[in-house]
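Asker: Attaching a single structure in structure tokens format; questions to follow.
Just so you know, all these numbers are worked out from the coordinates, no wet-lab data involved. Just so we're clear, the structure is a prediction, and the values are computed from it rather than from any experiment. In this analysis, Cβ positions are derived from the backbone assuming ideal geometry, glycine residues included, and neighbour counts consider all displayed protein chains.
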Amino acid sequence: MAKKWDSYSQRFAPDWHCNLMEQLSDYKACATMKLSEMALALGLPGKIGGHGSEVEAMVRRGEIESVRAYCEADCLNLFALYVRWALLSGRTDTAGHNASLESLIDCLERERASRAHFGEFLEGWRATKRPVPMFLPILASNGKLAA
């Protein structure tokens, strides 16, 4: 087993530093998608509150809360994408995947009164028309749905 500092600077060491965009594109060996495109493909809401190219102007206008909301929404998309990648790459199981998303949803519900973009994110995610389930069914060892 590698030690953390043995491979800390290694681009190909996702156990210590995972650049999800690099992982999903196989280090650009295949076509890359933008974070917002991947999020939308998975049924997540994608960009909320603007675009990265607008951040500098928002800061100049003193719209720091708008920048915060924009950045936090990006992080929410990235976290949900990471959880699904962790499942698909064998770093977690279905129960861990679902528990991580349940924890995220609990946080969004708890904080939505003080952070409107959390509620906007959650409602956008719940309202998706894409056939990607938020939670995945847990199968018993016989391949049938667990009780």
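Asker: Counting other beta carbons within 10 Å of each Cβ, put 125, 85 in order, fewest first.
Answerer: In order of increasing Cβ crowding within 10 Å: 85, 125.
Asker: Give me 64, 48, 105 sorted ascending by neighbouring Cβ count inside 10 Å, so fewest comes first.
Answerer: So the residues, fewest neighbours to most, are 64, 105, 48.
Asker: Additional query: On the first, second and third principal axes, largest extent first, how far apart are the outermost C-alpha atoms of segment 17-126 in Å?
Answerer: The principal-axis extents, from largest down, are 44, 34, 24 Å.
Asker: Name the aspartates and glutamates eligible as straight-distance cross-link partners of residue 34: C-alpha to C-alpha under 19 Å, and not fewer than 8 places from it in the same chain.
Answerer: 22, 26, 54, 72, 74
Asker: Something else now. Quote the FRET efficiency, to the nearest 0.05, computed for residue 68 versus residue 106 with a Förster distance R0 of 22 Å and r equal to the Cβ-Cβ distance.
Answerer: For residue 68 and residue 106, the calculated efficiency is 0.60.
Asker: Just rank 129, 28, 34, 47, fewest to most, by other beta-carbon atoms within 10 angstrom.
Answerer: 129, 28, 34, 47
Asker: Tell me, what is the percent relative contact order of segment 17-126, built from C-alpha pairs under 8 Å that lie six or more residues apart?
Answerer: 24 percent
Asker: Calculate one ³J(HN,Hα) per residue across segment 35-47 by plugging θ = phi - 60° into the Karplus curve 6.51 cos²θ - 1.76 cosθ + 1.60, and present them in order as whole Hz with x for glycine and proline.
Answerer: Going residue by residue, I get 3, 5, 5, 5, 4, 4, 4, 8, x, 7, x, x, 4 Hz, with x marking Gly and Pro.
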